[in-house]
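The structure appears below as structure tokens.
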Amino acid sequence: MLTLVLADCTMRPTVDKIDNKQSDPHIVHITLLLANDSILAAEHELRTVVHTRDNNVFTIGPDVDIPTRLSEFEDMILKCTQGIGPKGINYGKKTLMEVLNEEMGVKIAMSPRGVRKDPVDIMSRVEDYVVVIGGFKEGDFINPVYPWADKVISISDRLLKPWTVASEVIYSYTHSSLE
């Protein structure tokens, strides 16, 4: 099982809207579209957790149909915060470290500061993984992700968008060794 954690996201749901002046909901939206349409999600081997800088936590099951329109996605997120979201999404308030400490598996943080490795070379389908990806446009994690991680990995010499990193991780786990 792969648990993909999109961490420290700059998505700020308010009572009636997503605050787009201080938010980048498209980062979360694109990443979830990609994740939940993956082969791994279809095999029920993927779980995605979205953690915002305001400690909103959304756990998205592999069967959740992510709306393709950003406005509909934002409506779905707001409904989750009001307790009326779709089946398959759990919402709560937790710190990132509380979320990460509940997860079981090999702990990997994806970062340009990490050791350059191809994820397919370090993953195996016989193990569970918790992979943390930054859900922000620029900067670094605001939580102590690096000390938590067993490995800090970089997959490119250039800075990649969160959804690109997610796609590489999902692909790598999908096609990693079964032994």
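Residue by residue, the stretch 136-148 carries 3J(HN,Hα) couplings of 9, 6, 8, x, 9, 4, 9, 9, x, 6, 4, x, 5 Hz when phi is fed to the Karplus relation 6.51 cos²θ - 1.76 cosθ + 1.60 (θ = phi - 60°); x denotes Gly or Pro. Across the stretch 27-33, rounded Karplus estimates of 3J(HN,Hα) from the backbone phi angles (6.51 cos²θ - 1.76 cosθ + 1.60, θ = phi - 60°) give 4, 5, 4, 4, 4, 5, 4 Hz, Gly and Pro being marked x. Projecting the Cα atoms of Ala109, Ile60, Met1 onto the dipole axis of the chain, where Lys and Arg carry +1 and Asp and Glu carry -1 at the beta carbon, places Ala109 farthest toward the positive end.
Volume per residue of the convex hull around the Cα atoms, evaluated for the stretch 21-105, comes out as 99 Å³.
Take every Cα pair under 8 Å whose residues are at least 6 apart in sequence, average their separation, divide by the length of the chain, and the relative contact order is 28 percent. Placing +1 on the Cβ of every Lys and Arg and -1 on the Cβ of every Asp and Glu, with no other charges, gives the chain a dipole of roughly 440 debye about its Cα centre. With helices as the sole contributors, the chain gives -8500 deg cm²/dmol at 222 nm; each DSSP H run of n ≥ 4 counts as -39500 (n - 2.57), and the sum is divided by every residue.
For Val132, the amide hydrogen comes within under 5 Å of the amide hydrogens of Val5, Ile108, Ala109, Met110, counting only partners 5 or more places away or on other chains and with H modelled in the peptide plane. Just to be sure I follow the definition: excluding the sites themselves, where is the longest run in the chain that has none of the trypsin sites (Lys or Arg not before Pro) in a DSSP loop with at most 13 other Cβ atoms within 10 Å? That would be 88-136. Computed over the Cα atoms of the chain, the ratio of the radius of gyration to the Kirkwood radius (Rg/Rh) comes to 0.94.
Values quoted throughout were computed directly from the atomic coordinates according to the rules given, and no laboratory measurement underlies them. None of these values were measured; they are calculated from a predicted model. Methodologically, a virtual Cβ is constructed for each residue, glycine included, from the backbone with ideal geometry; neighbour enumeration extends over all protein chains shown.
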